[in-house]
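Some notes on the structure that comes next.
Values quoted throughout were computed directly from the atomic coordinates according to the rules given, and no laboratory measurement underlies them. Note that the coordinates shown come from a computational prediction; the quantities given were computed from them, not determined experimentally. Cβ sites come from the backbone with ideal geometry, for glycine too, and all protein chains shown count toward neighbours.
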2 protein chains.
Amino acid sequence: MTTVPKAPASAAALDVIAIGNAIVDVMAPADDALIERLGMARGGMTLIDTARAHELYAAMGPAREISGGSAANTLAGLAALGAKCAFIGQVADDQLGEVFAHDIRSGGIAFATPSRPVNAQAGDPPTARCLIFVSPDGQRTMNTYLGACQFLPPAAVDEDAIASARVLYLEGYLWDPEEPRQAMRRAIAAARGAGREVAFTLSDSFVIARHGDDFRALIADGQIDILFANEHELAALTGVEDFHEGLASLHGKVPTVVVTRGEKGAHAFRGGEHAVVPAEPVTRVIDTTGAGDLFAAGFLFGHVRGASLEACLKLGAICAAEVISHYGARPEADLKALCAAVPG
Amino acid sequence: MTTVPKAPASAAALDVIAIGNAIVDVMAPADDALIERLGMARGGMTLIDTARAHELYAAMGPAREISGGSAANTLAGLAALGAKCAFIGQVADDQLGEVFAHDIRSGGIAFATPSRPVNAQAGDPPTARCLIFVSPDGQRTMNTYLGACQFLPPAAVDEDAIASARVLYLEGYLWDPEEPRQAMRRAIAAARGAGREVAFTLSDSFVIARHGDDFRALIADGQIDILFANEHELAALTGVEDFHEGLASLHGKVPTVVVTRGEKGAHAFRGGEHAVVPAEPVTRVIDTTGAGDLFAAGFLFGHVRGASLEACLKLGAICAAEVISHYGARPEADLKALCAAVPG
């Protein structure tokens with residue numbers, strides 16, 4: 001296991017900088033019969049092309065549009081808690097791109113990636129959207145048209161900004177397309193060269209199915225300091241069915257590992273420390289979109305503020321509970337107030 | 001008072017056809033200090049140009065996009081209740097236009113007005129948006145960039161469709177720009193020629209300040225069968241400060257008049273009949289956008305189904321209460337179920 005030697009961490013101008021998909025979510029309620037009729041995998045995330053996007057949108061009920069994107073959602077939570085954040089991601093120069101950029105910047109997050117020009121005649125892709133069908137029990141079924149996201153160029157990686165952030169947070173979803181993957185590799189090198197921590201969320205089992213070897217190599221090389229996964233992703237990554245064995249298999253390989261288990265709560269270890277939290281009670285689950293993203297937000301907020309591992313998990317659980325209690329993957333309630341009682 | 005002679009009403013294929021602004025609402029919470037700092041009239045609707053739209057959007061917090069437009073909101077309520085509806089309004093051929101068209105059609109409302117081409121170099125206007133700042137008490141402050149809406153051409157008026165609808169519903173907001181006003185005059189003639197009822201909502205006091213003479217002339221000519229107003233609009237239209245006197249002054253001039261008074265309930269007369277309903281109780285007012293639009297939806301649904309005047313008002317009050325209990329001016333709950341207990 002070769003590790004890039006860490007420079008002593010200098011004072012950080014940013015708490016977290018993230019690279020992720022720049023997506024606007026298009027969300028509508030749907031009954032399970034519709035989800036089945038449309039041949040969608042309930043609860044999953046599927047990448048779709050233009051034709052399928054048109055087909056699914058035509059079958060969708062009246063919707064609402066709310067900015068999304070996994071890592072961007074996490075930053076929205078972090079910024080709401082008071083962290084200083086920046087985002088790198090690719091929108092197109094169109095109305096949905098303007099919406100995404102507005103929402104991230106107005107949340108107090110720096111976002112400097114230039115929009116990608118759109119010439120419809122030339123077939124330039126528009127800003128990404130995710131068609132989300134929300135079941136009566138709050139389960140979300142996501143269909144992502146990646147559009148401009150796939151063309152985030154390595155040149156968009158601001159190495160100075162990355163060097164100035166305590167944590168570089170990377171979204172596994174974006175490991176799939178070629179150009180962003182190169183961008184993320186460059187970002188990892190910049191972060192590690194500056195002695196910063198690299199956090200990675202595995203995002204979805206399909207990403208691990210395609211790129212698990214890359215992720216295992218990054219881990220073996222000591223490139224990942226903080227790993228976020230849910231229990232299915234953990235099993236896919238480690239090849240170990242048993243949850244506790246799977247978690248234990250990462251000891252000594254990743255300094256900090258956080259695994260969410262939905263209503264069963266979440267587990268984490270950091271160095272030799274281990275902690276577990278139950279899920280926060282929620283009066284009614286409305287829409288689970290963004291649950292993992294906001295869990296990561298709360299956890300990372302505690303982490304960069306030096307909170308105990310248990311407090312980090314508790315912050316994650318509170319933020320996740322807030323976001324599943326309403327439509328949309330961006331926080332609505334005052335997260336600072338909700339988290340005020342959590343001890344450092 | 002000259003009235004166009006009514007042909008005997010033939011069986012109607014549609015319950016309600018409406019002409020209105022085709023707008024996507026961009027909504028965000030705001031405290032009153034921000035509303036004051038931006039020089040907005042709290043609770044009002046102001047037309048804005050491109051420069052002001054940019055200024056206000058930049059000052060707005062993270063937002064969500066939900067289709068709006070006054071008459072379109074009313075149709076969304078009517079369709080949710082089970083009425084057969086059609087909409088005439090102008091979107092541009094852009095992403096927000098696609099969103100608006102999707103939301104109205106997927107709600108089961110016929111919408112055949114062609115999108116207006118957009119050539120950014122030629123300065124063609126985009127689809128309308130309304131920047132809505134929602135105060136903690138649920139009051140909404142609206143800033144409307146009309147864009148393509150202003151160019152709804154008289155040719156977009158489908159006279160056959162209008163002749164096939166029991167009620168033509170017109171939005172006062174759209175009386176302001178020149179082309180749509182001509183379109184609406186043509187639509188009124190088509191409806192009256194076919195013996196259909198014409199319903200008109202006054203929309204806002206500023207519209208009456210500019211076009212009150214037109215409205216009073218339409219009323220004097222017997223062109224309006226059903227008039228919707230709030231108490232402020234009633235006063236502006238009639239020039240009578242006292243609510244009851246103002247309402248009485250329309251007796252014999254408009255067959256049916258419906259006036260909403262917010263939390264004080266609503267009054268209506270139809271011929272010699274008079275009725276009053278209190279406002280429906282709401283656990284918490286979240287966003288009053290669309291309250292009047294949904295009141296009109298409930299009332300018109302009762303009206304086309306032959307319900308008593310009191311039942312029509314009750315249906316209006318229930319629909320208004322639903323829409324102010326969440327963000328956005330389109331209904332979310334099952335209006336049919338909410339209204340099931342109202343007797344005919």
> When Cβ neighbours within 10 Å are restricted to other protein chains, what is their mean count per residue of peptide A:329-337?
Replying inline: 1
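Placing +1 at every Lys and Arg Cβ and -1 at every Asp and Glu Cβ, with all other atoms neutral, what dipole size does the stretch A:42-96 have around its Cα centre, in debye to the nearest 20? Intermediate results must be reported in sequence, preceding the final value.
Values: 4 positive and 5 negative charges, 62 e Å.
Dipole magnitude for the stretch A:42-96 comes out near 300 debye.
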> Exposure proxy check: A:Ile66, A:Ile48, A:Ile109 ranked by fewest other beta carbons within 10 Å?
Replying inline: A:Ile48, A:Ile109, A:Ile66
>> Can you find, among A:Pro29, A:Gly44, A:Ala13, the residue sitting farthest towards the positive end of the charge dipole of the stretch A:5-65, where Lys and Arg contribute +1 and Asp and Glu -1 at Cβ?
In response: A:Ala13
>> Explain nothing, just the number: dipole magnitude of chain A about its Cα centre with +1 on each Lys and Arg Cβ and -1 on each Asp and Glu Cβ, in debye rounded to the nearest 20.
In response: 680 debye
> Considering the zone a paramagnetic label at B:Arg284 would reach in this model (a point 7 Å from Cα along the Cα-to-Cβ line), which residues of the stretch B:109-142 have amide N under 15 Å from it?
Replying inline: B:135-139
>> Using a 7 Å offset from the Cα along the Cα-to-Cβ direction at both B:Glu159 and A:Glu241, what is the distance between the two label points in nm, to one decimal?
In response: 7.4 nm
>> Just checking the output field for B:53-65: average partner chain Cβ neighbours within 10 Å of each residue's Cβ?
In response: 5
>> Using the basic label-point model (7 angstrom from Cα toward the beta carbon), what is the A:Gln182 to B:Ser308 distance in nanometres?
In response: 7.5 nm
> How far apart, in nm, are two points set 7 Å out from the Cα along the Cα-to-Cβ line at A:Ala333 and at A:Ala13?
Replying inline: 3.6 nm
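Test of understanding: what is the full-extension gain from B:Thr46 to B:Asp137, defined as 0.36 nm times their sequence separation minus their Cα-Cα distance? Walk me through the numbers before you get to the answer.
On the way: separation 91, 0.36 × 91 = 32.76 nm, distance 2.00 nm.
So the extension gain works out to 30.8 nm.
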> For B:Thr144, what charge total do you get from the other residues with a beta carbon under 13 Å from its beta carbon, if Lys and Arg give +1 and Asp and Glu give -1?
Replying inline: -2
>> Roughly how far apart, in whole Å, are the Cα centres of the stretch A:225-250 and the stretch B:145-183?
In response: 60 Å
>> Going by average Cβ density within 10 Å per residue, which order do the peptides B:175-184, B:95-104 take, highest to lowest?
In response: B:95-104, B:175-184
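Local charge sum around B:Thr46 (other residues, Cβ-Cβ under 10 Å, Lys/Arg +1, Asp/Glu -1)?
Numbers: positive: B:Arg52; negative: B:Asp204.
Summing Lys/Arg as +1 and Asp/Glu as -1 gives 0.
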> Just going by the charge dipole of chain A, with Lys and Arg at +1 and Asp and Glu at -1 on Cβ, which of A:Gly306, A:Ile226, A:Pro153 is farthest out on the positive end?
Replying inline: A:Gly306
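What is the dipole size for the protein assembly as shown, taken about its Cα centre, with +1 at each Lys and Arg Cβ and -1 at each Asp and Glu Cβ, in debye to the nearest 20?
Numbers: 54 positive and 82 negative charges, 44 e Å.
The calculated dipole for the protein assembly as shown is roughly 220 debye.
I need the calculated FRET efficiency for the pair B:Ala340 and B:Glu273, taking r as the beta carbon distance and R₀ as 30 Å, to the nearest 0.05. Please list the in-between numbers first.
Numbers: r = 24 Å, r/R0 = 0.80.
Computed FRET efficiency for B:Ala340 and B:Glu273 comes out at 0.80.
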> Considering only the other residues whose Cβ falls under 14 Å of the Cβ of B:Leu227, what net charge follows from Lys and Arg at +1 and Asp and Glu at -1?
Replying inline: -4
> Got a sec? How would A:Thr113, B:Thr127 order by Cβ neighbour count within 10 Å, fewest to most?
Replying inline: A:Thr113, B:Thr127
> So what's the stretch B:218-317 giving for Cα Rg divided by 2.2 N^0.38 Å, two decimals?
Replying inline: 1.04
> Expressed as a fraction of 2.2 N^0.38 Å, the rule-of-thumb size for a compact globular protein of N residues, what is the C-alpha radius of gyration of chain A?
Replying inline: 0.92
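In the structure shown, do any of A:Lys314/A:Lys336; A:Lys84/A:Lys314; B:Lys253/B:Lys336 have a Cα-Cα gap over 23 Å, and if so which? Working shown, then result.
On the way: A:Lys314/A:Lys336 13 Å; A:Lys84/A:Lys314 21 Å; B:Lys253/B:Lys336 33 Å.
Check vs 23 Å cut-off fails for B:Lys253/B:Lys336.
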> So for the stretch A:135-293, taking the charge dipole from beta-carbon charges (+1 Lys/Arg, -1 Asp/Glu), which of A:Asn143, A:Ser203, A:Ala217 sits furthest toward the positive end?
Replying inline: A:Ala217
> Between copies, how far does the label point of B:Glu263 sit from its twins, in nm, shortest first, when each point is 7 Å from Cα along Cα→Cβ?
Replying inline: 3.7
>> I need the inter-copy label distances for B:Gly344: point set 7 Å along Cα to C-beta, values in nm with one decimal, smallest first.
In response: 7.0
>> Once the label point is set 7 Å along the Cα-to-beta-carbon vector, what list of distances in nm do you get between B:Phe243 and its counterparts in the other copies?
In response: 5.8
> Taking only the alpha carbons of the stretch A:106-244, what extent do you get along each of the three principal axes, in Å, biggest first?
Replying inline: 51, 46, 30
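Compute the Cα gyration tensor for the stretch B:279-329, then decide on rounded, prolate or oblate, letting a ≥ b ≥ c be the square roots of its eigenvalues: rounded whenever a/c is under 1.5, prolate when a/b is larger than b/c in the other cases, and oblate in all that remain.
prolate
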